[in-house]
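Colleague: Structure below; questions to follow.
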Amino acid sequence: MRFASLGSGSRGNATLVASGSTHVLIDCGFSARETTRRLGRLGVDPARLDAILVTHEHGDHLSGVARIARAYALPVWMTAGTRAAWRDGALPTLGLLEPGRSLAVGDLAIHPYPVPHDACEPCQFVLDDGARRLGLLTDAGHVDGSVLDGLEGCQGLLLECNHDPELLAASRYPPGVRMRIAGDSGHLSNAQAADCLARLDTGGLQQVAAAHLSVETNTPGCARQALAGALGCAPRWIDVADQTTGLGWRELR
């Protein structure tokens, strides 16, 4: 199994996971043209996608889903709450996700789990190919038992490191925005992501990437330092999925 990020941040998010001939896109917050361009950078034609999984209805995760799905007749999976917030018209095939209930897409088993975020029924995903597990956590206000249970035993992790609290406090964001970001239904700070790592069994961990970094209130160096501190490794071992270039293919063996 391998994974890559097309880009991650407040201006658009999409993660690509592949196993054998199966390719699954998690979220699509870019235009159809930009998504096609970024997939091409990873050597993947959109026609090779098997499904799109949607975490929640915010535009930086959802804005490109409908056009890509219609253009290539792709099935789209989302929770009932996200479906209720859907405003982009009919889809070729719509499947409803139920957190805690797994589904199969080709060679991949998909395990959605609930997360605390200010959306209608947000979820995140663990994907496995029968031998390796990849855990995704890109929008959550805090780490609760559902998150820890979902991410336990993963060989790969893509973790939100949205902000540094000091940089957020000193930012030009209005007070209400700062409170929303730092709140229990907002976004994880570097320290919260590091604490999540420290509470997991990471003995089999092969790949860790920081994601959803704010360009205004975080830096790659801060995120790397925090996660490396939790793992007791060198910061250079931590990858970062950024807004512009995303993250190239990483393989779980």
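The values are calculated or read from the model by the stated rules, or taken from the named source; none is laboratory data. Source: prediction; values computed, not measured. Heads up, the Cβs are rebuilt from the backbone with ideal geometry, glycines too, and the neighbour counts pull from every protein chain shown.
Colleague: Please determine whether any residue of the stretch 46-55 is in contact (Cβ under 8 Å) with a residue 24 or more places away in the chain, crowded, with 19+ Cβ neighbours inside 10 Å, hydrophobic (A, V, I, L, M, F, W, C) and over 26 Å from residue 147 (Cβ atoms). Before the answer, list the steps.
Modeller: Taking the stretch 46-55 and keeping what is in contact (Cβ under 8 Å) with a residue 24 or more places away in the chain, we get 46-55.
Right, trim to crowded, with 19+ Cβ neighbours inside 10 Å and you get 49, 51-55.
Adding the requirement that they be hydrophobic (A, V, I, L, M, F, W, C) leaves 49, 51-54.
The next check asks that each one be over 26 Å from residue 147 (Cβ atoms); those that pass are 49.
Checked against the condition, which is being in contact (Cβ under 8 Å) with a residue 24 or more places away in the chain, crowded, with 19+ Cβ neighbours inside 10 Å, hydrophobic (A, V, I, L, M, F, W, C) and over 26 Å from residue 147 (Cβ atoms), the stretch 46-55 yields at least one hit.
Colleague: Residue 128 - would you say it is among the charged types (D, E, K, R) and surrounded by fewer than 16 Cβ atoms within 10 Å (Cβ to Cβ)?
Modeller: Considered against the rule, which asks whether it is among the charged types (D, E, K, R) and surrounded by fewer than 16 Cβ atoms within 10 Å (Cβ to Cβ), residue 128 comes out as no.
Colleague: Now for a different question. Starting from the stretch 230-253, keep only residues that are of a type in the set (A, V, I, L, M, F, W, C), then list their pairs with residues that are exposed (fewer than 13 other Cβ atoms within 10 Å of the Cβ) and in a loop (DSSP other than H, G, I, E, B) whose Cβ atoms are within a distance under 9 Å, requiring at least 6 positions of separation or different chains.
Modeller: 249/43; 252/131
Colleague: Quick check on the stretch 218-228. Is at least one of its residues assigned to a loop (DSSP other than H, G, I, E, B), crowded, with 16+ Cβ neighbours inside 10 Å and aliphatic (A, V, I, L, M)?
Modeller: Looking for residues that are assigned to a loop (DSSP other than H, G, I, E, B), crowded, with 16+ Cβ neighbours inside 10 Å and aliphatic (A, V, I, L, M), one finds none in the stretch 218-228, hence no.
Colleague: So, one more: Could you grab me the full set of residues in the stretch 139-155 that are out of contact with any Pro (no Cβ under 7 Å at 6 or more places or on another chain) and either within 16 Å of residue 216 (Cβ to Cβ) or part of a helix (DSSP H, G or I) (or both)? Before you say what the answer is, go through the steps one by one.
Modeller: Taking the stretch 139-155 first, the residues out of contact with any Pro (no Cβ under 7 Å at 6 or more places or on another chain) are 143, 145, 147-155.
145, 147, 148, 149, 150, 151 - these are the residues of the stretch 139-155 that are out of contact with any Pro (no Cβ under 7 Å at 6 or more places or on another chain) and either within 16 Å of residue 216 (Cβ to Cβ) or part of a helix (DSSP H, G or I) (or both).
Colleague: If we scan the stretch 156-164, do we find a residue that is part of a loop (DSSP other than H, G, I, E, B), over 14 Å from residue 195 (Cα atoms) and among the small types (Gly, Ala, Ser)?
Modeller: No, the stretch 156-164 contains no residue that is part of a loop (DSSP other than H, G, I, E, B), over 14 Å from residue 195 (Cα atoms) and among the small types (Gly, Ala, Ser).
Colleague: Evaluate the following for residue 156: is it surrounded by 15 or more Cβ atoms within 10 Å (Cβ to Cβ) and closer than 23 Å to residue 60 by Cβ?
Modeller: Values: surrounded by 15 or more Cβ atoms within 10 Å (Cβ to Cβ): yes; closer than 23 Å to residue 60 by Cβ: yes.
So residue 156 fits the description; yes.
Colleague: Only one of these conditions is not met by residue 233: (1) in contact with a strand residue (DSSP E or B) (Cβ under 9 Å, 6 or more places away or on another chain); (2) of a type in the set (A, V, I, L, M, F, W, C); (3) in a helix (DSSP H, G or I). Which number is it?
Modeller: Result: residue 233 fails condition (3) only.
Colleague: While we're looking at this one, here's another question. Take residue 65 and tell me if it is within 12 Å of the chain's Cα centre (by Cα) and at pLDDT 95 or above.
Modeller: Working: within 12 Å of the chain's Cα centre (by Cα): no; at pLDDT 95 or above: yes.
No, not satisfied.
Colleague: If you take the residues of the stretch 186-216 that are touching a helix residue (DSSP H, G or I) at 6+ places or on another chain (Cβ under 9 Å) and among the charged types (D, E, K, R), which of them is farthest from residue 241 (Cα to Cα)?
Modeller: Of everything passing the filter in the stretch 186-216, 199 is farthest from residue 241 (Cα to Cα).
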